[in-house]
Each structure stands twice: as C-alpha cells, then as structure tokens.
C-alpha cells in the first residue's frame, strides 16, 4: 500500500451507474469505507447517487474539495474519463492519492492530468457485464490492471479483497482486450437477439423463444467450460451436412441481418473448429453473397 495509507483506503466514487453500484456494494461488503459518491447536482444521476450513498453509508457530493479519501475511483463512461480527470484536477491535493478508472479500452494515460499532479493512476477493468437491476458478484471475476507501480499494488490488494483475480495487461493490448470482452457479452447478446428473429421464422415468439433456448444455452456454456470450443461444437457444420446448411441459408433470406450473422459465424467455424467437408461448405457460403 502507499506510504501513510490505511490498509483499506477510504474510497470516493465518481459516478453511480450500474458498475459503480455493484462495485460500491462489493467494496462495502469487503469492509471498505465509501466516503462519498460524486454525481451531477441534479437529474437522474443525482437520484442514483443518493440511492447508492444510502446503501453504502456514504454522502453525496458534486465535487471532491472536502473529501479525505485516499482512493478515487472514476466509474464514468469512457468518453468522459479524461474530461472528469481535468475537472477534478483543481479540487484536491493529489500527491499521495490513488486514482482508478475502469475502462476496458482506455489505458491509465486517460488520467494523465491527475498523474501530473502527483496521483498514482491505473486502469482497473473487470471482465464482467453490468446492467440495470443486476448486481453481479465480483468474486472470481478477472480484473485487467495497468498503470503506475504504486497504483497497481493498491489495485491488486483491492481486487483480492473483493474476491476477484487480478492480472496485468499491457497498454498496447487494451483495444484487443476490450474487443474480446465485447465478443464475450455484448455481441453474444446481439447473437441471442438475432436468434430470436430466426425463432420467429419458425413461428415462435420472442418470449417463448427465450424460455425454450435457455436449456441449450446453459448446456452449451457448460460444455465449453468443461471441454473447450472444439469439444462443445455440435450440429450440421461439424458433420459437414451440406444440404442442411443450404436449407438454413434459404430460409434465412426472410431475415437478412440474421443470415449475415449465420454466414459470418459459419466462416469462423470453418477457420477455428473441427468441420467436415470444409471446401463444399465454403463454396456454399461464398455463393450466399448477395
């Protein structure tokens, strides 16, 4: 920990969105003191901050000028991080403090303004999804950490206390890392949305489709967790069933965006997974253009 800093530093949260809420509650459970939740002075963001502050025993503030917290954690959208850092720069004495942001795509350099004023800064990103009305546990969640040596030491200790798993990431790898996370959750969700549209072609409405898909989705993830991608792979492509793939492409003309997804994922399967009759399947996929 930093010289003069308590074993568990006091924390000030900047932002009160989905991630900030899950994080603050997890920090509180890990016996960290949340001193303040900083938010805009009006509107929905203020209401969220007030609600979160009540939950974690903190106060709401629209600036940090009287905050004593040793750790400031910025939980704002990526596009606002550098602006927030510049706005906060004149509000505190930063020497000796630690500042985190939790962007998956941006490096710790987004906090360069505060670094130049003496703060130790780091990017601390959990590979987890946070949506409204859901507060996932952070136990077992991997956190990618990058930044100043002092801030990284603090981050590793905090992540350990949260029950997460800290690991280092290079600045140059952040964009690819974030793309990986986007495949794992947002684009996976987009795939499910496309899948619902395909279900409609079979006469199944969205609500029923979601309910009926859950068992196969859960088993697929269980298979992937146990056997990896190749061992979890099944269906017409692994069998090299050319005629079935032709039928799929024909019926999917009824929902062109889903057809594009099918072709793209089938091409990925040809590249990365055990597929029979690859050349014949590749010709069918090539002929599906247009």
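Once Rh is set to the Kirkwood radius over Cα pairs, what Stokes-Einstein translational diffusion coefficient, in µm²/s, holds for segment 15-95 at a temperature of 25 °C and a viscosity of 0.890 mPa s? Working shown, then result.
On the way: Rh = 12.9 Å.
Reported coefficient: 190 µm²/s.
Two decimals is fine: what's Rg over Rh for segment 233-290, C-alpha atoms, Kirkwood radius as Rh?
In segment 233-290, Rg relative to Rh is 0.93.
Over all alpha-carbon pairs in segment 11-172, figure out the percentage whose distance exceeds 18 Å.
Beyond 18 Å sits 55 percent of the P(r) for segment 11-172.
With springs connecting C-alpha atoms under 10 Å apart, model the chain as a Gaussian network and identify which of 143, 183, 19 has the largest mean-square fluctuation.
183
Let me check against my output: what whole-number percent is the relative contact order of segment 11-172, with C-alpha pairs under 8 Å and at least 6 apart?
Relative contact order for segment 11-172 comes out at 19 percent.
Considering only DSSP beta bridges with both partners in the chain, what is the antiparallel share in %, to the nearest 5?
Details: 5 of 28 bridges.
Roughly 20 percent of the DSSP beta bridges within the chain come out antiparallel.
Comparing 186, 77, 215, which has the greatest mean-square fluctuation in the GNM of the chain with Cα pairs linked when under 10 Å apart?
215
Where does the chain land at 222 nm, in deg cm²/dmol rounded to the nearest 500, when only DSSP H runs of n ≥ 4 count, each adding -39500 (n - 2.57), divided by all residues?
-16000 deg cm²/dmol
Hey, with R₀ at 35 Å, roughly what FRET efficiency would residue 29 and residue 93 work out to, going by the Cβ-Cβ distance, to 0.05?
0.70
Taking the Cα atoms of segment 161-211, what is the range of coordinates along each of the three principal axes, in descending order and whole Å?
48, 28, 8
Compute the Cα gyration tensor for segment 185-287, then decide on rounded, prolate or oblate, letting a ≥ b ≥ c be the square roots of its eigenvalues: rounded whenever a/c is under 1.5, prolate when a/b is larger than b/c in the other cases, and oblate in all that remain.
Oblate shape, in that a/c is at least 1.5 and b/c is the bigger or equal ratio.
Report the percentage of all Cα-Cα pairs in the chain whose separation exceeds 30 Å, rounded to a whole percent.
So the portion of pairs separated by more than 30 Å is 44 percent.
Please report the Cα spread of segment 129-238 along all three principal axes, rounded to whole Å, starting with the longest.
For segment 129-238, the Cα spread along each principal axis is 58, 35, 25 Å.
Quick check on segment 11-172: of the DSSP beta bridges with both residues there, what percent are antiparallel, nearest 5%? Provide the component values of the computation, followed by the final result.
On the way: 5 of 28 bridges.
If we restrict to bridges inside segment 11-172, about 20 percent are antiparallel.
Would you mind ranking 243, 78 by Cβ crowding within 10 Å, fewest neighbours first?
Lowest to highest Cβ neighbour count: 243, 78.
How high is the relative contact order of the chain, given as a whole-number percent (alpha carbon pairs under 8 Å, six or more residues apart)?
The normalised contact order for the chain reaches 12 percent.
Values quoted throughout were computed directly from the atomic coordinates according to the rules given, and no laboratory measurement underlies them. None of these values were measured; they are calculated from a predicted model. Ideal geometry is used to build each Cβ from the backbone, glycine not excepted, and the neighbour counts take in all protein chains shown.
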